[in-house]
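I have placed the structure first, in the form of structure tokens, so that the comments after it can refer back to it.
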Amino acid sequence: MAAPGEPCAGPGVWNQTEQEPAVYSPLSLCFLRSAGVWLPALYLWVLGPIYLLHIQRHGRGYLRMSPLFKVKMVLGFALILLCAFNVAVPLWKIQQGTPQAPEFLIHPTVWLTTMSFAVFLIHVERKKGVRASGLLFGYWLLCCLLPAASTTQQALSGGFRSDPLRHLSTYLCLSLVVAEFVLSCLVDWPPFFPKDAQQSNPCPKAAASFPSRAMFWWASGLLWRGYRKPLGPRDFWSLEQENSSEELVSQLEREWTRTRGEAPRRTKVFKSRGRGGVEAVEMEAAETDAFLQQEGSQRGPLLRAIWRVFRPTFLLGTLSLVVSDACRFTIPRLLSLFLELMGDPEAPAWKGPLLAVLMFLSACLQTVFEQHYMFRIKVLQMRLRTAITGLVYRKVLALSSSSRKASAVGDVVNLLSVDLQRLTESVLYLNGLWMLLLWIVICFIYLWQLLGPSALTAIAVFLGLLPLNFFITKKRSHHQEEQMRQKDARARLTSSVLRTMRTIKSHGWEEAFLERVLRIRGQELGALRTSTLLFSVSLVSFQVSTFLVALVVFAVHTLVAEENTMDAEKAFVTLTVLSVLNKAQAFLPFSVHIIVQARVSFDRLAAFLCLEEVDPSAVGRSASGGAAGKDCVAIHNGTFAWSREGPPCLHRINLAVPQGCLLAVVGPVGAGKSSLLSALLGELLKVEGSVSVKGPVAYVPQEAWVQNASLVENVCFRQERDLPWLQQVLEACALRPEVDSFPAGIHTPIGEQGMNLSGGQKQRLSLARAVYRKAAVYLLDDPLAALDAHVGQHVFTHVIGPGGLLQGTKQNLWPVPVTLVAPLEAEGLSTHQSGPSGRPLEGMPPLQKAGWRFFKMTVSGQDSQQQRTAHVMAG
């Protein structure tokens, strides 16, 4: 849309020496014409392809053809036809022999192609579910402002009188552009088939227009509601899918697994030969790989995984910060021009209001983009904390036995409460490492332009304090590592004291353990005190340097030469620049302090996530159980160890258990009965051999594990509730009397770690959870040791025995102490047998008569050789 009138050609168009017309204009008319055509086109053609690639990858489902979309398309095609008309008119005049300026043909052609691309973007946005477009909002805004200014100046100068057709075309095109701009401020209908599930109270950000998102108007409703009354759970919005823990943890875990697999497994040793030639020799070195993994590659894979997942959000936030800082440093320059204007009596009248408006707009844009940076970084911190927390929790569940010894519960608590907090806080200050240095450089450039060589004194004062701060930073890093080591030791000792509080109280060891805890706490506080003192010295040095810079610069500038006087422009602009420099010098040591802490915490997190995990391929599993008579559990020539460094704990195990068998593992204390079950669960390191288990597995450990939930939630354990089967399980596990005595029945909360239950009740609850599972293989690790005589007989009869719930269709591996199973015989069982804890089970029917195939397996220990050998005694 070229403004009609004289073309931008000729010797007098850009001549600034000619006298200005009566109507003063801030910029020349030809400049406004060219800017009104080329700036919107460059904006759309540069950002449009990037925007298309983004919405192609992040589509949200297509939108229905709403009235808003139809009006946009009608106006867009009208603009295309009007631009085509503006192209055809010069061509027709050229054919008629009337010469036309190139701009009358080039400008409408640029508008025609750009408008066609804009209409195409409107169509693609509907296909990809974009309800409000920020790109097109900016494009229509540019198309309104600059052409409107040039059209207004042309109308005031009377340029439209010579060509009424261009006059009508220009105003009509500008009116359509304004209408498109108004429509871009509205929001379209939601997607017809959205990819995300419908939520009860969705966040209004998804349905907000672009101006609402830019100014955060979509959050005004919640803020106003919180002002009028206290907010409740129903007042808060539902969590978006992209912010859910399931989505974030899955993405980070996927990238973490990929980056760990991409870690180099070979080292290249380069040898020079001849005339500088280089030969790459690849060496397989397990020891070197392990050393490199411990020293250098632990931080790298995790950092790459985090970067791949959260890179878009961080880069968008960085872009907002760059724009905000550009507006920040525009203000001193505009202030300098404004003060210079005040001293010039011949300056045009329009420059003062223009500079004032530009300073106001720069301050507003700085605030808007700075708040957008803070918003994106806060969202990034929330997502990063959620993702790493889930990754740590999943890592805890997959740790091997040797890794559990290296990382105690207190270490994991410190990782999540201290290290992760420091890591997420450092995200806000990452850009400060380079942005603040850029601030300082730009401030020195401003000072050089204002004060000349006197600004070198500021550089000298600032550089003189840098070695001190580098020394302080190095010392603080050392004390920070020492503090975290002492914190881990204190948390580990405190956790042990809380777990064994009854024993400590009974022996009267309170003072001894209190002294140990306080001694470690004193060492931790000493490292923290020294680190904080060094940080205070660093902060004071930077604050003092600001005043030193101002004092030295003004003194040197006024004393070096007599012609150097401090006028209003130099004084006010210098103070404005020094205020920016003051912020940079105040935040730089704090940013370095946060980054140093985050690096230590990041190394600890990476080291924990790189610990050895349980090998999922150690046990061959199948989804369905075996057929009758087929082996469901089999170990062939298996040798197992608790760690790679330690000796094997089980040697040459050969075991085959068919479907429907009850197998009792018999052996003395420490013979390896529980180790055998751990090997079947995949918890032990398989040195050699093979292990296969068919069907789902239910496991009952020696120490009962109880959730902080209700009784029914502990038994069902996130499975579908089957009330008849639940009642049958509770009756068989002797939990019915307890349930009847509870105030809320099966819905009674049992407290953290089962604090409301006794040891026997917790063990029966753990057994009930396994029985309710309806698994194909049951691994019971001494389930009756904590039960009384009559309760143990009841559980054995109704759960484990031949008439129990596990009869015939399930398979049980039940290791018991030797005193429990020693009277049992391999060939046959008498009616009077020894039950749990050596107590007789009177009236128990013979297992052979019940159709059970019973086997006894003895485990003999060779403690001197640290070996465990298993022999099948029957079958």
Next item on the list: Restricting attention to the range 652-670, report how many residues are crowded, with 21+ Cβ neighbours inside 10 Å and either modelled with pLDDT of 80 or more or touching a Phe, Trp or Tyr at 6+ places or on another chain (Cβ under 7 Å) (or both).
Entry: 6
Next item on the list: Report the residue count in the range 368-386 for those that are surrounded by 20 or more Cβ atoms within 10 Å (Cβ to Cβ) and of a type in the set (A, V, I, L, M, F, W, C).
Entry: 3
Margin query: Looking at 55, 80, 50, can you tell me which residue is assigned to a helix (DSSP H, G or I), in the same structural domain as residue 177 (by TED's automatic domain parsing) and exposed (fewer than 15 other Cβ atoms within 10 Å of the Cβ)?
Written below: 50
Notebook entry, point to check: What number goes with the only condition from (1) at pLDDT below 85; (2) loosely packed, with under 15 Cβ neighbours inside 10 Å; (3) more than 22 Å from residue 417 (Cβ to Cβ) that residue 512 does not pass?
Noted result: (1)
Next item on the list: Kindly indicate the residue of the range 213-247 that is of a type in the set (S, T, N, Q) and free of Cβ contacts under 8 Å to residues at least 40 places away in the same chain and also surrounded by the most Cβ atoms within 10 Å (Cβ to Cβ) among those meeting that condition.
Entry: 244
Next item on the list: Select, from 575, 611, the only residue that is at pLDDT 85 or above, surrounded by fewer than 20 Cβ atoms within 10 Å (Cβ to Cβ), on the phi < 0 side of the Ramachandran plot and over 19 Å from the mean Cα position of the chain (by Cα).
Entry: 611
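Okay, residues lined up against (1) exposed (fewer than 13 other Cβ atoms within 10 Å of the Cβ); (2) farther than 18 Å from residue 575 by Cβ:
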| site | (1), (2) |
| --- | --- |
| 541 | no, yes |
| 545 | no, no |
| 552 | no, no |
| 562 | yes, yes |
Next item on the list: Residues being under 17 Å from residue 689 (Cβ atoms) and polar (S, T, N, Q): count how many of those fall in the range 627-677.
Entry: 4
Check: Within the range 248-264, restricting attention to residues that are of a type in the set (A, V, I, L, M) and over 26 Å from residue 131 (Cβ atoms), which residue is surrounded by the fewest Cβ atoms within 10 Å (Cβ to Cβ)?
Finding: 263
Next item on the list: Output yes when any residue across the range 734-741 is touching an Asp or Glu at 6+ places or on another chain (Cβ under 9 Å) and either more than 26 Å from residue 790 (Cβ to Cβ) or in a helix (DSSP H, G or I) (or both), and no when none is.
Entry: no
Next item on the list: Enumerate the pairs (first residue in the range 492-507 and over 19 Å from residue 524 (Cα atoms); second residue anywhere and assigned to a helix (DSSP H, G or I)) with beta-carbon separation below 7 Å, excluding pairs fewer than 6 apart on the same chain, so at least 6 apart or on different chains.
Entry: 504/497; 504/510; 504/513
Next item on the list: For the range 142-151, indicate whether the set of residues that are in contact with a Phe, Trp or Tyr (Cβ under 7 Å, 6 or more places away or on another chain), buried (at least 17 other Cβ atoms within 10 Å of the Cβ), in the same structural domain as residue 58 (by TED's automatic domain parsing) and at pLDDT 80 or above is non-empty.
Entry: yes
Margin query: If I go through the range 679-692 residue by residue, how many of them are crowded, with 22+ Cβ neighbours inside 10 Å and either more than 28 Å from residue 805 (Cα to Cα) or not aliphatic (A, V, I, L, M) (or both)?
Written below: 2
Next item on the list: Examine the range 20-43 for a residue that is modelled with pLDDT of 85 or more, surrounded by 11 or more Cβ atoms within 10 Å (Cβ to Cβ), outside any loop (DSSP other than H, G, I, E, B) and in contact with a Ser or Thr (Cβ under 7 Å, 6 or more places away or on another chain), and state whether such a residue exists.
Entry: yes
Notebook entry, point to check: Under the condition of being of a type in the set (A, V, I, L, M, F, W, C) and farther than 20 Å from residue 71 by Cβ, which residue from the range 176-207 is modelled with the lowest pLDDT?
Noted result: 197
Notebook entry, point to check: Given 416, 438, which one is closer than 30 Å to residue 330 by Cα, modelled with pLDDT of 85 or more and of a type outside the set (S, T, N, Q)?
Noted result: 438
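Yes or no, residue by residue, for (1) out of contact with any strand residue (DSSP E or B) (no Cβ under 7 Å at 6 or more places or on another chain); (2) part of a strand (DSSP E or B); (3) of a type in the set (Val, Ile, Thr):
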{"site": "639", "(1), (2), (3)": "no, yes, yes"}
{"site": "652", "(1), (2), (3)": "no, yes, no"}
{"site": "670", "(1), (2), (3)": "no, no, no"}
{"site": "678", "(1), (2), (3)": "yes, no, no"}
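Yes/no per residue for (1) within 15 Å of the chain's Cα centre (by Cα); (2) aromatic (Phe, Trp, Tyr):
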| position | (1), (2) |
| --- | --- |
| 383 | yes, no |
| 386 | yes, no |
| 393 | yes, yes |
| 405 | no, no |
| 412 | no, no |
| 416 | yes, no |
| 422 | yes, no |
| 426 | yes, no |
| 433 | no, no |
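The values are calculated or read from the model by the stated rules, or taken from the named source; none is laboratory data. None of the values given here were measured: they were computed from a predicted structure. For neighbour counting, all protein chains shown are included, and Cβ atoms are generated from backbone atoms with ideal geometry for every residue, glycine included.
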